[in-house]
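Colleague: Questions regarding the structure given below will be posed in turn.
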Amino acid sequence: MKRAFLTGVTGQDGAYLSRFLLSKGYEVHGLVRRSASSDVMDARLKWLGIADKVVLHDGNLTDLSSLIRVLQEVKPTEIYNLAAQSFVKSSWHQPLLTGTVTALGAANMLEAIRIVCPSTRFYQASSSEMFGLAQEKMQSEQTPFYPRSPYAAAKLYAHWMTVNYRESFGLHSSSGILFNHESPLRGIEFVTRKITDGVARIKLGLLTKLALGNLDAKRDWGHAQDYVRAMWLMLQQDKPDDYVIATGRTVSVREFCRIAFAYVQLKMEDHVSVDERFLRPAEVDVLLGNPAKAKEKLNWVAETTLEELIGEMVEADLERVRRNKHL
Ligand code: NAP
Ligand code: F7E
């Protein structure tokens, strides 16, 4: 039986990937860090109806001994390293914590694999943020990196460690350079979910204004459900490699807002304001991914359109707000 171990199992991608792997017949194990709010810790897994099917293990990406212990217990055939301090804005507030978790955490995971189970296949959650001040109009695996935040710098270290452990020790370690991907399970602090939650509250009369930051930033947004399939495909290849995963379409925050408000017959101009508290010390102005290699080698394409994604997110938030759910 195939047995997967996921870090970041309680996050957006961890929940969708767990559901995907369970549907493929995997035994799924996940790492969870101790929390004072343990009653809501597995809320996303519960939302997808799989909380009782995933085996959770106490540990922390920053604690190498906990990773070694869990790998010795689980003996996984595949490992997906999804855990990170993943909110870019917070990475300026907590740069050292971001480095410890997002950069050194990945090195801990690679070391644990090298020591305990060097033949286990490994996936590292790299990010389009590594392109930052983009050096090419469309970013591919060949595009030079130019990180613009402590988060992006930390991800770049983790990315090169994944490449290095492949080249140094022959690990089957692959890196997915994923562009932004969203869903109803996206954290509320990210702009897409902040917008769809705001749209729902405004539509239901609980809010009148939504304050955002840079409306001109452009992102290549896909659906998390499509993107976790690409993670799995990477680990099914004979050879480890790096892949850009994206839709090939870029849209501004302003346009995302316009589509989301229009979905409930409202106009964004009547409700959205700009608040400089949400601006960043250094911005990533525009990202646009070239997923040609993933299409050719993995037979992967993004299946959900942006309009479908936004519709699903707004519907889910209308439902949540109506039921007064917090997630
Ligand atoms: P997310 O929802 O923020 O989830 C992050 C996960 O990491 C959570 O399960 C969190 O646990 C866990 N975590 C944080 N610190 C930890 C620690 N010290 N030890 C163990 N676990 C820890 O992120 P996501 O959107 O699912 O993204 C998954 C991964 O892909 C992340 O590495 C992210 O940086 C990367 N990525 C995301 C995107 C995107 O657009 N979503 C694009 C490219 C790359 P708690 O629940 O306890 O907080
Ligand atoms: O910002 C702008 C903001 O926080 C997107 C993470 O998953 O994707 C994500 O990082 C854009 C930025 O995501 C607000 O300035 C405007 O230009 O939703 P975000 P992100 O920074 O792109 C990458 C690929 C990852 O790897 C990360 O882990 O939207 N923006 N107004 C705003 N952003 C936020 N959060 N809030 C606003 O009010």
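Read-outs: derived from the displayed coordinates by stated rules, not from any lab. From a predicted model like this one, the values you see are computed outputs, not experimental measurements. No Cβ is skipped: glycine too gets one built from the backbone with ideal geometry, and neighbour counts run over all protein chains shown.
Colleague: In the list LEU171, LEU156, LEU133, which residue meets the criterion of being touching a residue at least 12 places away in the same chain (Cβ under 8 Å) and away from ligand 2 (no atom under 14 Å from the Cβ)?
Modeller: None of the other options fit; the residue is LEU171.
Colleague: Here's something else I'd like to know. Just for the stretch 245-262: of the residues that are of a type in the set (S, T, N, Q) and crowded, with 17+ Cβ neighbours inside 10 Å, which one is nearest to GLU296 (Cα to Cα)?
Modeller: THR247
Colleague: When ALA153 is evaluated against the numbered criteria (1) within 14 Å of ligand 1 (Cβ to nearest atom); (2) assigned to a loop (DSSP other than H, G, I, E, B), which criterion, by number, is the only one it fails?
Modeller: Of everything listed in (1) within 14 Å of ligand 1 (Cβ to nearest atom); (2) assigned to a loop (DSSP other than H, G, I, E, B), ALA153 misses just condition (2).
Colleague: Any idea which residue in the stretch 191-216 is farthest from SER252 (Cα to Cα), counting only those that are crowded, with 19+ Cβ neighbours inside 10 Å and in contact with an Asp or Glu (Cβ under 6 Å, 6 or more places away or on another chain)?
Modeller: Only one residue tops the list, namely ALA200.
Colleague: OK, next. Assuming GLN142 fulfils every condition listed in (1) within 12 Å of ligand 2 (Cβ to nearest atom); (2) farther than 30 Å from HIS271 by Cα; (3) without any contact (Cβ under 8 Å) to a residue 24 or more places away in the chain apart from one, which condition is it?
Modeller: (1)
Colleague: Can you tell me which residue is nearest to ligand 1 (Cβ to nearest atom) among those in the stretch 276-308 that are under 21 Å from GLU189 (Cβ atoms), assigned to a loop (DSSP other than H, G, I, E, B) and not small (Gly, Ala, Ser)?
Modeller: That would be LEU287.
Colleague: If you check ASP220 against the conditions, is it within 14 Å of ligand 1 (Cβ to nearest atom), among the charged types (D, E, K, R) and out of contact with any Asp or Glu (no Cβ under 8 Å at 6 or more places or on another chain)?
Modeller: Working: within 14 Å of ligand 1 (Cβ to nearest atom): yes; among the charged types (D, E, K, R): yes; out of contact with any Asp or Glu (no Cβ under 8 Å at 6 or more places or on another chain): yes.
Taking the combined requirement at face value, the residue satisfies it.
Colleague: Checking the condition of a type outside the set (Phe, Trp, Tyr), at negative phi and without any contact (Cβ under 8 Å) to a residue 12 or more places away in the chain, which residue from SER37, SER18, SER91, SER86 passes? If you could, list the steps in order and put the result at the bottom.
Modeller: Working: SER18 fails: without any contact (Cβ under 8 Å) to a residue 12 or more places away in the chain; SER91 fails: without any contact (Cβ under 8 Å) to a residue 12 or more places away in the chain; SER86 fails: without any contact (Cβ under 8 Å) to a residue 12 or more places away in the chain.
Checking each option against the conditions leaves just SER37.
Colleague: Grab the strands (runs of 3 or more DSSP E) fully contained in the stretch 1-97, keeping just those with 2 or more residues being within 16 Å of ligand 2 (Cβ to nearest atom).
Modeller: Where strands (runs of 3 or more DSSP E) fall fully within the stretch 1-97 and carry at least 2 residues being within 16 Å of ligand 2 (Cβ to nearest atom), they are 78-81.
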